[in-house]
1. Could you check segment 7-113 for strands (runs of 3 or more DSSP E) lying wholly inside it with 1 or more residues that are closer than 30 Å to L271 by Cα?
2. How many residues, within segment 27-48, are among the hydrophobic types (A, V, I, L, M, F, W, C) and under 14 Å from E337 (Cβ atoms)?
3. Would you confirm whether or not segment 342-349 contains a residue that is closer than 16 Å to T35 by Cβ, in contact (Cβ under 8 Å) with a residue 12 or more places away in the chain and either within 16 Å of the ligand (Cβ to nearest atom) or part of a strand (DSSP E or B) (or both)?
4. List pairs: first in segment 196-217 and acidic (D, E), second surrounded by 23 or more Cβ atoms within 10 Å (Cβ to Cβ), Cβ under 7 Å, 6+ apart or cross-chain?
5. Just to be sure before I move on: is G381 surrounded by fewer than 20 Cβ atoms within 10 Å (Cβ to Cβ), within 16 Å of the ligand (Cβ to nearest atom) and in a loop (DSSP other than H, G, I, E, B) in the structure I sent?
6. So is G8 in contact (Cβ under 8 Å) with a residue 24 or more places away in the chain, of a type in the set (G, A, S) and within 17 Å of R287 (Cβ to Cβ) or not?
7. Scan segment 364-411 residue by residue and report those that are over 24 Å from S13 (Cβ atoms) and among the hydrophobic types (A, V, I, L, M, F, W, C).
Amino acid sequence: MPLPVLPGHPHFSYQGNALFAEAMRVSELAATYGTPLFIYSKAAMLSALAAYQRGFEGRDAQICYAMKANSSLAVLQVFARAGCGFDIVSGGELERVQAAGGDVRKVIFSGVGKTRAEMRQALAAGIGCFNVESEAELDVLSGVALEMKLRAPVSIRVNPNVDPKTHPYISTGLKGSKFGVAHEDALRIYQHAASLQGLKVVGIDCHIGSQITEATPYLDAMDRMLDLVAAIEAAGITLAHIDFGGGLGINYNDDTPPEADALWRQLLAKLDARGYGGRKLMIEPGRSLVGNAGICITEVLYLKPGEQKNFCIIDAAMNDLPRPAMYQAFHAIVPVEALAPKAEGVVYDVVGPVCESGDWIGRDRVLDVAPGDQLAVMSAGAYCMSMASNYNTRGRAAELLVDGDVARLIRERESAADTFRGELLLP
Ligand code: LLP
């Protein structure tokens, strides 16, 4: 079989028949650290970030990495050191930012269900902004801030009611979504926010969905948001910043999302045309910064030929790579070493050891493999480790960060004992 091409992965490549992560041979890393193993490329993260930085050159813009995509501490360090803030959705994520040395003043706190304790924690830490998602949350936040003799900086997440044309589970800006407040209620809710003593209105935000591969939904959402900014400011409420959320897609298969800088050239042209070019801008990208900076290495355990299907059973599973089971997502699966290519591959369903029919990683894949071979599941930097679980008492995988010819262990493989730490036996 010919070597597969690796679209969207400039920092992973074949040299000869061997897959490399930057300058490191993947098979050697897997031999040292075992499988399943996540391998991230620092250069890939920084070059994804650079595309945004180019797009925003000369502008007053803050990139807040949406850390839910991959919240491993060393990954956060990479982005914190590059000047990023963080979009968080829990008190736990705030603690991660602090543990990684991130700047809490550049933290924005999103999410529909912030608890009072999380509000207190974030206020005490001095985060930059609460992205409030309901009127009820405004009242509670104001009360919590007043108890602490503080004023909470707030932005309200508005649903521009634009279809991002992505998987329904990751569409968030439509009517009927649990997120944000309706566009038509926004002005009234802003007036309510401005009347609350414990709040200081600082911005407006939206996030229309994830894995968006076209510019049009963003351009439409921007128009809808700017209409609102005009109306809110006409009512005497100043919005120091506008936050356009995250959502830009990556190339998993034949996806052709715009590059971040090209997208932002278009968006900034619209902002300029409408007179908002000098406004402080915020964005919350997650997947597009890390998705194609990571791969997951797995070993083929068994081949199981069948009448209707051939199964390739690997040592990674839905607990490590939940996206196929959750969203029928496609991840390319390629050989780590293709040393003796046979004439043709065989069509397999690539499945894990978990006791669920939904535990598949790839369907109908042509592979030329034998037990003991290693495979790389591509585009595994976003929403894989951060969504991993211990289902079937499987310890979570180890993670490596490669920087040129240096590979650093950034997460130890979890042992079974780690998975039941904190559980208590009956007397
Ligand atoms: N901001 C907010 C308020 C969000 O809810 C999200 C993602 C982001 C930013 C970052 O979006 P991104 O740039 O990564 O698209 N687990 C799903 C994706 C869920 C996205 C949730 N919100 C998946 O694996 O496809």
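The values are calculated or read from the model by the stated rules, or taken from the named source; none is laboratory data. This is a predicted model, so every value here is computed, not measured. Note: ideal-geometry Cβ built from the backbone for every residue, glycine included; neighbour counts use all protein chains shown.
1. Of the strands (runs of 3 or more DSSP E) lying wholly inside segment 7-113, those with at least 1 residues that are closer than 30 Å to L271 by Cα span 61-66, 85-88, 107-109.
2. The total comes to 3.
3. No, segment 342-349 has no match at all.
4. These pairs meet every condition: D205/N131; D205/S155; D205/R157; D205/D243; D205/G245.
5. Numbers: surrounded by fewer than 20 Cβ atoms within 10 Å (Cβ to Cβ): no; within 16 Å of the ligand (Cβ to nearest atom): yes; in a loop (DSSP other than H, G, I, E, B): yes.
Considered against the rule, which asks whether it is surrounded by fewer than 20 Cβ atoms within 10 Å (Cβ to Cβ), within 16 Å of the ligand (Cβ to nearest atom) and in a loop (DSSP other than H, G, I, E, B), G381 comes out as no.
6. Values: in contact (Cβ under 8 Å) with a residue 24 or more places away in the chain: yes; of a type in the set (G, A, S): yes; within 17 Å of R287 (Cβ to Cβ): yes.
Judged against the criteria, G8 is a match.
7. Within segment 364-411, M387, A388 qualify.
Let's see how each residue does on (1) in contact (Cβ under 8 Å) with a residue 60 or more places away in the chain; (2) within 16 Å of the chain's Cα centre (by Cα); (3) within 23 Å of V89 (Cα to Cα); (4) surrounded by fewer than 17 Cβ atoms within 10 Å (Cβ to Cβ):
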{"site": "I242", "(1), (2), (3), (4)": "no, no, yes, no"}
{"site": "G246", "(1), (2), (3), (4)": "yes, yes, yes, no"}
{"site": "Y252", "(1), (2), (3), (4)": "yes, yes, no, no"}
{"site": "P258", "(1), (2), (3), (4)": "no, no, no, no"}
{"site": "L268", "(1), (2), (3), (4)": "yes, no, no, no"}
{"site": "A273", "(1), (2), (3), (4)": "no, no, no, yes"}
{"site": "G278", "(1), (2), (3), (4)": "yes, no, no, yes"}
